[in-house]
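One structure is given here, and the rest of the page talks about it.
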Amino acid sequence: MKKNILIVGNILVFAVLSVLMPSCSENAMDEVNRDVDHTKDVPAKFILADVMTATAFSNTGGDMNTYTSAYVEHEVGVHNQLFRAEHREGEPTSATTFNNVWVNLYSTLKNARIAITKCSEGGSQEGNLVTKGIAEILAAYNGALLTDMFGDVPFSEAAVVKEDGSPAVMTPKIDTQEEVYKGILQYLDDAISDLQGTDAVGGIGSYDFIYQGNASKWIKFAYGLKARYTMRLLKRASNANAELEKVLDYVSRSFASADEQAAFAIYDASQYNPLFDFQWSRDGLASSESLAEKLIERNDPRIRRAFVDADWMQMTGTDDEAWFPAPNGESEQAQYYYNTSAFVYSQTAPTLLLSYHEILFLQAEALCRLNRASEAEDVLKEAVIAGIANTEVNVQAAMTAPTPMNYGGLGETTDAITPEEAAAYFDDDVKPLFTANPLKETLIQKYLAFFGASGESTECYSDIRRQIGLGENHITLKNPNRFPLRCPYGNSDTTTNPAVKDAYGNGQYVYTEAVWWAGGSR
C-alpha cells in the first residue's frame, strides 16, 4: 500500500496541549473571548464569503453527498459509518447521521438571511441590491437542500435572529414542503429582480468566490435553479406540460457554457475538495459494481478513466487483472481491498452547485417529456460531451493531487477522453439506446454525468426519488437492502424541539414516507 498516514503524533500533541492548558473560570473565559476592538456589524460581503464556502464544502459536497453517493450507487460504503449506511444498519435512520449537515444548513441559511436584512430597506447596507440578490439565491439554495433531504422542516421561523443575534424563535414550527418551496421560489424571483440593480455601498467583489460579483452570471444561476426546482415539482404540477415549457424557458436564460456554471473552485493543497477530504481521512468508499455495469453496457469510455486499484494505478477496464469493484449492499467491511473511483483522490476538483451539463440534461428531459425527441437528441449529445469533459476535470485533479503526490501519486495509464471521442461514443453507443427509449437514456446519462468529485450525488439522490415519485424506474439500483426515501432529522432538534422530535419518531419513516414532491405527505 502506498498510503500510510500517521495521525498518532497529532493526537499526542493535542492531548499534551489539553493537559498543559490552565483551567479558567467561566467568567474569565468570557472576558478572554470578548472582542472589544472590532465592530459587530459585519459587512454582508464577508458574511456571504462564509456562506458560499459552507454551501459548497459542508452542505453540497459534505456528509450529504458522501452518504448519498452510496445510496445512489456512485460509490459503495466499505468501512465504519459508510459501511453501515451501505448495509442499512442503523445509519440511514439515526438522528446523529446527518446532524452536522443539519446544523450547517441552518447556520448557512441564517447567515444568508442576515445578509439579506443588511442590504434591505433600513439595513446598514441598504441599496446593495446585487449583494442582496446573491444572498437570496444562497438562501433559496440552502433552503432547497434542507427540504429536499428532510421533507417538512422548520423554515419560516427558523434561522431567523433578533437584533442582538439571538434566535427569534427557540422552537420553530415545522413548515410543509409545499410552503418551503413557495419561499424558495420567491427568493429566486426576488434575486433576479435585485440583481438587475447595483450595489450602492461597495460591491462584494473578490469575496464572491463563485462569480466575483458578476451579477449577470448570478442571474443565470438563479434561472438554472428555477429550472431544477420546477422539474423537481413536476409530480405536483396541475399542468405538467406547462411546467415543462417553463423549464425550457428557464434553461434558455441560464448557462451557455461550462465557463458560466456555478463552481466553487478554490480547493488546493491545504483546502480540500470534500469528497477527497472524507476518503483521505476515513477510507470508507470503494468503487460501485452497479455503476461500472452501466458503463460497461454502453461501452462508455469513462470505464478506462474512472477507477484505480489499491496501489493507485488507473485501470483500463474489466480486462485489467486488478479489476475488483465492490458489490452494492453486499460488500465486505475492508479498507484497501476493492478498487476505488479515481474521484476520491480529486483533491482540487471544484464543487459544482449547478453545472452546465445539468442544465442541458434538464432541457433534454423536458423535450423528451413533451414528445420532442428529435430536438432532445442534439441537446443530449451536447450534455453527454459536457458531462464527460467534467469527468476529465475530476480525473486530472486526481492525477495531479498535491497530497497524494507526496506518496508517489496516482498512476495514469490511459489517455484523456477528447470531445471528439465523446461525440463518437454518443453516436455509436448512446444514440441507439436513446432511439429505443429517449427519456430513459437521457436520465441514465444524467446519472452517469453526476458520478464524480463535483458533489452532484446529492442532486442525483433527489433526481432518483423524483423519478420514483413519478412511477418511473429508469435507474436500476442493485443494493438489495431498502432504499432510503429521505434523510432523518438532526438530533440537535430531535432532542430540543418537540415538533421535530414528534416528526422523527424512531426514524424508520425514512424507508416508508416519500417527501411531498415525490408523492408523500411530508
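The values are calculated or read from the model by the stated rules, or taken from the named source; none is laboratory data. Bear in mind the structure is a predicted one, so any value in this text is a computation, not a measurement. Note that we place each Cβ from the backbone using ideal geometry, even for glycine, and neighbour counts take in every protein chain shown.
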*Can you tell me which residues in the range 267-315 are touching a strand residue (DSSP E or B) at 6+ places or on another chain (Cβ under 8 Å), within 19 Å of TYR71 (Cβ to Cβ) and either among the polar types (S, T, N, Q) or at pLDDT below 95 (or both)?*
GLN279, SER287, SER288
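Out of VAL169, VAL201, VAL130, VAL180, report the one residue that is part of a helix (DSSP H, G or I) and over 22 Å from the mean Cα position of the chain (by Cα). First the steps, then the outcome.
Working: VAL169 fails: part of a helix (DSSP H, G or I); VAL201 fails: part of a helix (DSSP H, G or I); VAL180 fails: over 22 Å from the mean Cα position of the chain (by Cα).
On inspection, the qualifying residue turns out to be VAL130.
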*Answer yes if at least one residue in the range 364-374 is farther than 26 Å from GLU86 by Cβ, small (Gly, Ala, Ser) and surrounded by fewer than 24 Cβ atoms within 10 Å (Cβ to Cβ), and no otherwise.*
yes
*Residues located in the range 151-169, provided they are at positive phi and surrounded by 15 or more Cβ atoms within 10 Å (Cβ to Cβ)*: GLY151, ALA159
*Can you tell me which residue in the range 115-150 is nearest to SER462 (Cα to Cα), limited to those that are among the β-branched types (Val, Ile, Thr) and surrounded by 22 or more Cβ atoms within 10 Å (Cβ to Cβ)?*
THR147
*Where in the range 20-90 are there helices (runs of 4 or more DSSP H), lying wholly inside it, with at least 2 residues that are modelled with pLDDT under 50?*
26-33
*So is THR318 under 28 Å from GLU441 (Cα atoms) and at pLDDT below 95 or not?*
yes
*Kindly check whether there is at least one residue in the range 443-466 that is of a type in the set (Ser, Thr, Tyr) and in a loop (DSSP other than H, G, I, E, B).*
yes
*Of the residues ALA518, ALA449, ALA424, ALA503, which single one is over 30 Å from VAL78 (Cα atoms) and either touching a residue at least 60 places away in the same chain (Cβ under 8 Å) or crowded, with 21+ Cβ neighbours inside 10 Å (or both)?*
ALA503
*Taking interchain pairs and intrachain pairs at least six residues apart, which have beta carbon atoms under 7 angstrom, with the first residue in the range 154-169 and farther than 17 Å from VAL180 by Cβ and touching a residue at least 24 places away in the same chain (Cβ under 8 Å) and the second in a loop (DSSP other than H, G, I, E, B) and not β-branched (Val, Ile, Thr)?*
VAL161/ALA168
*State all residues of the range 278-298 that are part of a helix (DSSP H, G or I), surrounded by 18 or more Cβ atoms within 10 Å (Cβ to Cβ) and touching a helix residue (DSSP H, G or I) at 6+ places or on another chain (Cβ under 9 Å); if no residue qualifies, say none.*
PHE278, GLN279, TRP280, LEU291, ALA292, LYS294, LEU295
*Hey, does the range 462-476 have a residue that's small (Gly, Ala, Ser) and under 28 Å from SER341 (Cα atoms)?*
yes
_Among (1) free of Cβ contacts under 8 Å to residues at least 40 places away in the same chain; (2) buried (at least 23 other Cβ atoms within 10 Å of the Cβ); (3) out of contact with any helix residue (DSSP H, G or I) (no Cβ under 8 Å at 6 or more places or on another chain), the one test that ALA263 misses_ = (1)
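Could you tell me which of the residues ASN328, ASN273, ASN299 is under 22 Å from ALA449 (Cβ atoms) and under 18 Å from the mean Cα position of the chain (by Cα)? Outline the logic, then answer.
On the way: ASN328 fails: under 18 Å from the mean Cα position of the chain (by Cα); ASN299 fails: under 18 Å from the mean Cα position of the chain (by Cα).
Just one listed residue meets the conditions, ASN273.
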*asked:* Considering only the range 206-214, I want to know if a residue exists there that is within 24 Å of the chain's Cα centre (by Cα), among the aliphatic types (A, V, I, L, M) and outside any helix (DSSP H, G or I).
replied: yes
*Filtering the range 95-127 down to residues that are small (Gly, Ala, Ser) and outside any loop (DSSP other than H, G, I, E, B), which residue is farthest from SER492 (Cα to Cα)?*
ALA115
*Considering each residue of the range 221-258, count those that are over 19 Å from the mean Cα position of the chain (by Cα) and either of a type outside the set (Gly, Ala, Ser) or within 20 Å of ALA349 (Cβ to Cβ) (or both), and give that number.*
16
*In the range 393-437, which residues are closer than 17 Å to GLY317 by Cβ and of a type in the set (D, E, K, R)?*
GLU412, ASP415, GLU421, ASP428, ASP429
